[in-house]
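All of the numbers you see were taken from the coordinates with simple rules; none came from a lab. A quick note: this is a predicted structure, and the numbers were derived from the prediction, not measured. Reconstructed Cβ throughout: ideal geometry from the backbone, glycine too, with neighbour counts over all protein chains shown.
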Amino acid sequence: MSLKNHYYYDEEKCEFIPIEYKRKEQIIYNLSVWILTGVMLAGLGIIFLSTKIGSPAELALKAENEVLYKQLESTKSALLVLDKQLDDISKRDNEVYRSVLGLEQIDPEARQAGTGGNDPYEEFDVYNKSTAELLRWTASKVDNLERRLSIQKLSLEEIKNQYNINREEMSHIPAIKPGSGILLSGFGMRYHPILQYSRPHNGLDFRAEVGSPVYATGDGIIKYAGRRGNLGNVVIIDHGFGFETLYAHLSRFESGIKKGAKIERGQEIAKSGNTGLTEGPHLHYEIHLNGTPVDPLQYLFTDTTPEEYTMFREIAETNTNSMD
């Protein structure tokens, strides 16, 4: 870019005379124009980026908010898992512990520990809709879990006190696993692998290699020890208070296991096997209450963790076949 010609009027000659610029002045002018143009373009660029994209500080804050939002989403998933686990514990508390001890069940709605009144989470409304909803949900769920845990804690204290009062009876209730193997099949209608039709399965099937220890699940007296049809070698224990347990497909009985022998919970009574009509070696275990078969899964509460119980229940609900 060069300087444009400027003129002055010469009255003597009566004409316009062009002004001559020196080389130095030409260079200074060009540099000035380019610098001013650059500054103006840079300013316009900064204004555009700040308006459309954001300043560096705003970009950093936006990135931080995205990370925090993802963390909240992850927290939500973790809270949903805890919520389900607490539901499982509450259900087991009602159906097993309180039922066995004769305590009145806690109403499911009461366990949810709902609240009313003013909105305690309106402070989150200042954020955008999705963030506000996620914050509301997370805060509400955490508060709800805390209230439900408090109720569960009080329930377990009541169960503990009732257990101490009925300690003798509790030692007779079949309340441990009869072996160390994982559950294979649950209680209820199951497809028999040998007979090839569905029929009532009155107990649980546990994985057990031939010769694995089998334990009495409660104090009692041996009612029967011998051969019994398709169940093979069985032991039946009378625990009193209306409870009897049956252990089937055994390979042999331990010394002294005969009718009338007194047994304590956790005592080894036999070795597992494959006698009778089975698809393979395993331990079949039943509980009868007042002569009626009941789901033994509901009585595995002394040596079974909540996670293990949940796993056993899922297996029982999804596997439609039995081992015998």
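May I ask for the net charge around N202, where only other residues with Cβ less than 15 Å from the Cβ of N202 are counted and Lys, Arg are +1 while Asp, Glu are -1? Local charge sum for N202: -2.
With respect to the chain, whose longest principal axis is taken over its alpha-carbon atoms, helix 56-92 is tilted by about 10°.
For the chain, the residue among Y69, L154, N319 whose Cα projects farthest onto the positive side of the dipole built from Cβ charges is N319.
Secondary-structure-derived ellipticity at 222 nm for the chain, considering helices only, amounts to -13500 deg cm²/dmol, per-run term -39500 (n - 2.57) for DSSP H runs with n ≥ 4. With 19 Å as the limit, write out which pairs from K84/K160; K91/K160; K76/K153; K70/K141; K177/K259 have Cα-Cα distances beyond it, or answer none. Table pairs above 19 Å Cα-Cα are K84/K160; K76/K153; K177/K259. Using the Cβ of P281 as centre and a radius below 10 Å, the other residues enclosed give a net charge of -1, where K and R count +1 and D and E count -1. For every other residue with a beta carbon closer than 15 angstrom to the beta carbon of S185, add +1 if it is Lys or Arg and -1 if Asp or Glu, then tell me the sum. That works out to -2. Does the range 190-295 come out rounded, prolate or oblate by the C-alpha gyration tensor, with a ≥ b ≥ c the root eigenvalues, rounded set by a/c under 1.5 and, if not, prolate when a/b is larger than b/c and oblate if not? The shape class here is oblate.
Listed options for semi-axes √(5λ) of the Cα gyration tensor in Å are (i) 85, 25, 15; (ii) 38, 24, 19; (iii) 35, 26, 19. The value calculated from this structure is the one marked (i).
Rounded to the nearest 20 debye, the dipole magnitude of the chain is 1200 debye, with +1 charges on Lys and Arg beta carbons, -1 on Asp and Glu beta carbons, and the Cα centre as origin.
Close amide-amide hydrogen proximity is noted between S198 and H192, each under 5 Å apart and 5 or more residues distant or on a separate chain (H modeled in the peptide plane; Pro and chain starts excluded).
Taking only C-alpha pairs under 8 Å that are 6+ residues apart, what is the relative contact order of the chain in percent? About 16 percent, as a whole number. Ordering of 190-200, 313-323, 175-185 by packing is 175-185, 313-323, 190-200, highest average first (other Cβ atoms within 10 Å, averaged per residue).
Using the average count of surrounding beta-carbon atoms within 10 Å as a protection proxy, the listed peptides 264-272, 280-288, 141-149 rank, highest first, as 280-288, 264-272, 141-149. Helix 23-52: angle to the longest alpha-carbon principal axis of the chain, degrees 0 to 90, nearest 10? Relative to the chain, helix 23-52 is tipped by roughly 30 degrees.
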